[in-house]
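The values are calculated or read from the model by the stated rules, or taken from the named source; none is laboratory data. All of these numbers come straight from a predicted model, not from anything done at the bench. Every residue, glycine among them, receives a Cβ derived from its backbone with ideal geometry; neighbour counts consider all protein chains shown. Heads up: the accessible areas ignore ligands, DNA and RNA and are worked out on the full protein's heavy atoms, side chains in. Shrake-Rupley method; radii C 1.70, N 1.55, O 1.52, S 1.80 Å.
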Amino acid sequence: MLPDRPQAIIIIPCYNEAERLPTDDLKAFARAHHNIRLLLVDDGSSDQTWEIISAAIAECPLLQGFRLKKNQGKAEAVRMGILKAMEEAPEWVGFWDADLATPLHNICDFLTTANANGYQAVIGCRLRRLGARVNRKISRHYLGRLFATVVSMLLRLGVYDTQCGAKLFAATTVNAVFDRPFRSRWLFDVEILRRYVAYFGHEWASDMICEFPLNEWEDVSGSKLKMKHMLLVPWELFKIFSKKP
Ligand SMILES: Nc1nc2c(ncn2[C@@H]2O[C@H](COP(=O)(O)OP(=O)(O)O)[C@@H](O)[C@H]2O)c(=O)[nH]1
Ligand SMILES: [Mg+2]
């Protein structure tokens with residue numbers, strides 16, 4: 001029997017993921033962790049993504065999914081998924097990139113870390129270091145370092161990696177962050193932190209949000225983030241920081 005109140009519901013945003021959605025891994029994880037639900041959100045894909053999600057759910061009803069008619073972008077797809085997840089009163093919600101660049105087993109580590117230390121949010125951190133297999137393209141790594149430095153200054157928060165697609169939030173904090181659409185389509189991860197700071201304050205954000213250094217992270221090919229999106233970074237940051245969140 002499934003527990004009535006899931007410990008966590010993790011949104012997996014899927015946009016044209018037919019080529020690379022690892023449904024076997026998703027099914028195996030769902031079967032092994034009944035307290036954690038995976039909710040796949042098809043963001044108006046134009047390929048076979050929804051057919052693939054539906055087939056996976058038919059085989060493994062522990063997986064959940066819904067489909068947005070029109071493509072809304074990752075930020076809104078995640079937000080819609082989280083609001084839907086809240087109907088089941090989970091203790092935690094989060095999102096995880098569909099390419100599983102961050103392995104699913106880290107969801108359990110995030111939960112353990114949060115519960116042991118009282119954190120209200122845990123976010124993946126791709127800290128390149130000895131003893132960890134964090135395989136990122138070198139250009140992405142250095143652009144990421146530059147980006148994180150700028151964002152740290154804007155947020156006035158010592159954060160190393162805002163952009164990792166593996167994040168977990170206490171359900172009690174969801175209203176403060178996800179109650180309204182994000183202004184930024186590409187940098188909503190930054191906007192999430194900005195909203196935490198605005199709502200709970202800098203001290204709270206420094207103490208209650210934990211960056212979890214991943215032992216494994218794989219740059220999976222097929223990314224939809226292109227060089228042209230990098231050019232939009234200043235504009236996206238302006239949208240986020242020019243007004244009250
Ligand atoms: N909902 C939605 N998800 C998207 C969109 N573009 C990318 N994603 C999802 O965002 C996640 C990360 O995308 P990916 O292309 O791997 O980006 P990268 O690894 O950050 O370069 C995946 O789960 C994608 O399906 C989009 O327009 N809408
Ligand atoms: Mg990716």
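Key figures
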{"quantity": "Helix-only CD estimate at 222 nm, as mean residue ellipticity for the chain, using -39500 (n - 2.57) per DSSP H run (n ≥ 4)", "calculated": "-12500 deg cm²/dmol"}
{"quantity": "Range in the chain, longest, excluding exposed GluC sites (Glu not before Pro) [loop by DSSP; at most 13 other beta-carbon atoms within 10 Å]", "calculated": "88-245"}
{"quantity": "Electrostatic dipole magnitude of the chain [Cβ: Lys, Arg +1; Asp, Glu -1; Cα centre; debye, to 20]", "calculated": "1020"}
{"quantity": "Approximate spin-label separation Leu83-Lys137, in nm, with each point projected 7 Å along Cα-to-Cβ", "calculated": "3.4"}
{"quantity": "Descending semi-axes in Å of the chain, equivalent ellipsoid built from Cα gyration tensor", "calculated": "26, 21, 19"}
{"quantity": "Dipole magnitude of the range 115-245 about its Cα centre (Cβ charges: Lys, Arg +1; Asp, Glu -1), debye to nearest 20", "calculated": "600"}
{"quantity": "Mean shadow area of the range 90-129 over all directions, Cα convex hull, nm²", "calculated": "3.5"}
{"quantity": "Length released on extending from Leu146 to Ala55, taking residue separation times 0.36 nm less the Cα-Cα span", "calculated": "28.6 nm"}
{"quantity": "Estimated vicinal HN-Hα couplings, Hz - the range 156-164 in sequence order (Karplus 6.51, -1.76, 1.60; Gly, Pro = x)", "calculated": "6, 9, x, 10, 8, 9, 7, 9, 5"}
{"quantity": "Under 5 Å, built H, 5+ apart or other chain: amide partners of Trp92", "calculated": "Ala8, Ile9, Ala171"}
{"quantity": "Along each principal axis, Cα extent of the range 103-245, largest first, Å", "calculated": "39, 35, 24"}
{"quantity": "Translational D in µm²/s for the range 1-73 (Stokes-Einstein at 25 °C, 0.890 mPa s, Kirkwood Rh from C-alpha pairs)", "calculated": "197"}
{"quantity": "Cα-projected label distance for Ala32 with Thr172, points at 7 Å along beta-carbon direction, nm", "calculated": "3.1"}
{"quantity": "Segment Asp179-Arg20, length gained on full extension (0.36 nm per residue, minus Cα span)", "calculated": "54.2 nm"}
{"quantity": "Per residue, the convex hull volume that the Cα atoms of the range 83-159 enclose (Å³)", "calculated": "150"}
{"quantity": "Cα-projected label distance for Trp204 with Leu232, points at 7 Å along beta-carbon direction, nm", "calculated": "3.0"}
{"quantity": "Subset of Lys69/Lys224; Lys84/Lys243; Lys84/Lys239; Lys84/Lys137 violating a 23 Å alpha-carbon distance limit", "calculated": "Lys84/Lys243; Lys84/Lys239; Lys84/Lys137"}
{"quantity": "Range of Cα positions in the range 23-128 per principal axis (Å), largest first", "calculated": "41, 35, 28"}
{"quantity": "Antiparallel %, DSSP beta bridges [both residues in the chain], to 5", "calculated": "25"}
{"quantity": "Protein accessible area in the range 170-245, 1.4 Å probe - carbon and sulfur %", "calculated": "59"}
